[in-house]
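**Q** This is the structure I have questions about; it appears just below.
The values are calculated or read from the model by the stated rules, or taken from the named source; none is laboratory data. All figures in this text were calculated on a predicted structure; none of them were measured in a lab. Ideal geometry is used to build each Cβ from the backbone, glycine not excepted, and the neighbour counts take in all protein chains shown. These accessible areas exclude ligands, DNA and RNA; they are computed on the full protein's heavy atoms, side chains included. Shrake-Rupley method; radii C 1.70, N 1.55, O 1.52, S 1.80 Å.
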Amino acid sequence: VPLVEVRDLVKRYPSGTTALKGVSFQVSVEDFIVIIGCSGAGKSTLLRCLNRLLKPTSGQVLLLGEDISTVSSAKLQRVRRRVGMIFQQFHLVPRLTVLENVLAGRLRFQSAPVPHTLSLARIFPKRDKELAFRCLQEVGIEHLALQRADTLSGGQQQRVAIARVLAQEPEVILADEPIASLDPRSASTVMNLLRQIHERKGIPVLVNLHHLDFVRRYAGRILGMQNGRLVYDGPPSLLEAEL
Ligand code: ADP
Ligand code: ADP
């Protein structure tokens, strides 16, 4: 059974735009996938369907054989815990500390607003805090654990977001334009971290990117999207030959 299998995925927004027009592919643990395509091609919609931030109009998303495109809202939290997601704008809780933001990855009900006033560090057991601290070590910012998230640079904030995803112990990691708001040096750090995590832990990664130089440097496999359809699925070398 492939880790993720997408079958004939269609997403039509209420506005009438059909952002995905029948997309199919499989993901295995060896995959470090970069999704490319023009703005509006459907890349972000695709990732959001894979962790059920969006409900597909039709088609299936199988996670280890389980169809998550139709799971009940009661089970959604579990799905989102299994499918870690990193965003362009980091989406940290600004007034919480870095460690607390990472601990938020351990929350059972992640769609519930993270409490701002209460100290998350106080409600979590010691082993969760140790795990969160190890996740921060993995992304090289354990020295920032007790700082407020909103005092960090963009690159540091994205590393916190990666540590938070690691704390979820996900089966697959999605990253929607994770470097689009970063300077080139932070962007390289973030991409290197994603690749290290992929290689060390055997977690497949799907990342939307539009900087071609980064696509060349990092992609193991490329999915090319155009106007809601998958128009390329293969190694970077063959794509270069086609262009
Ligand atoms: P990005 O550059 O990351 O694709 P956009 O500016 O396209 O971001 O979209 C920002 C937000 O607006 C997203 O949540 C997206 O789902 C939503 N959005 C994008 N296009 C439309 C649209 N035509 N109608 C309604 N919402 C949209
Ligand atoms: P990409 O990530 O490749 O830029 P998107 O998935 O953001 O593409 O968008 C695909 C299409 O869906 C675009 O035409 C966009 O305007 C539209 N779209 C995205 N989000 C929304 C939304 N929330 N409501 C309506 N249309 C949307």
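**Q** Quick one: give the max-minus-min coordinate of the C-alpha atoms of segment 1-53 along each principal axis, largest first, in Å.
**A** Here the Cα extents, ordered largest to smallest, are 36, 22, 18 Å.
**Q** So what is the relative contact order of segment 180-241, in percent, for Cα pairs below 8 Å that sit 6 or more residues apart?
**A** 19
**Q** Using Cα springs under 10 Å in a Gaussian network model of the chain, which residue among Ala104, Ala163, Ala121 shows the largest mean-square fluctuation?
**A** Ala121
**Q** Okay, moving on. Restricting to Cα pairs below 8 Å that are 6+ residues apart, what does the relative contact order work out to for segment 11-115? Please round to a whole percent.
**A** 19
**Q** OK, next. What does the helix-only formula give at 222 nm for the chain: each DSSP H stretch with n ≥ 4 adding -39500 (n - 2.57), the total divided by the residues, and the result rounded to the nearest 500 deg cm²/dmol?
**A** Per the formula, -10500 deg cm²/dmol.
**Q** On to the next question. Of the accessible area of segment 1-49, with the probe set at 1.4 angstrom, what percent is carbon plus sulfur?
**A** The nonpolar share, carbon plus sulfur, comes to 50 percent.
**Q** Considering the Cα trace of segment 1-155, what is its radius of gyration and what is Dmax, both in angstroms?
**A** Reported Rg and Dmax, both Å: 17.7, 49.
**Q** Once the Cα atoms of helix 126-138 and of the chain are each reduced to a long axis, what angle between those two axes, in degrees from 0 to 90 to the nearest 10, is obtained?
**A** With rounding to tens, the tilt is 60 degrees.
**Q** Still on this structure, please answer the following. Kindly rank 60-68, 72-80, 36-44 from highest to lowest mean number of other beta carbons found within 10 Å of each residue.
**A** 36-44, 60-68, 72-80
**Q** Further, regarding this structure: What share of the DSSP beta bridges in the chain is antiparallel, in percent to the nearest 5?
**A** Percentage antiparallel, nearest 5: 55.
**Q** On to the next question. Angle, helix 184-201 long axis vs. longest principal axis of the chain, Cα atoms, 0 to 90°, nearest 10?
**A** Compared with the principal axis, the helix lies near 90 degrees.
**Q** Further question on the same structure: Per residue, how much accessible area does the chain have with a 1.4 Å probe, in Å²?
**A** Averaged over the residues of the chain, the accessible area is 47 Å².
**Q** Please compute the length gained on full extension between Arg122 and Asn192, using 0.36 nm multiplied by the number of residues separating them and subtracting their Cα-Cα distance.
**A** Gain on stretching Arg122 to Asn192: 21.9 nm.
**Q** Still on this structure: Hey, rough spin-label estimate for Gln147 and Ala180, points 7 angstrom out along Cα→Cβ, what's it come to in nanometres?
**A** 2.6
**Q** Taking θ as phi - 60°, what are the ³J(HN,Hα) couplings along segment 26-39 by the Karplus curve (6.51, -1.76, 1.60), each to the nearest whole Hz, with x for Gly and Pro?
**A** Residue by residue, segment 26-39 yields 10, 10, 10, 5, 7, 7, 10, 9, 10, 9, 10, x, 5, 4 Hz.
**Q** To continue, here is another question. Note down the relative contact order for the chain as a percent, whole number, built from C-alpha pairs under 8 angstrom at least six residues apart.
**A** The normalised contact order for the chain reaches 28 percent.
**Q** Say the cut-off is 29 Å between C-alpha atoms; which of Lys43/Lys75; Lys21/Lys201; Lys43/Lys126; Lys43/Lys129; Lys55/Lys129 go over it?
**A** Lys21/Lys201; Lys43/Lys126; Lys43/Lys129; Lys55/Lys129
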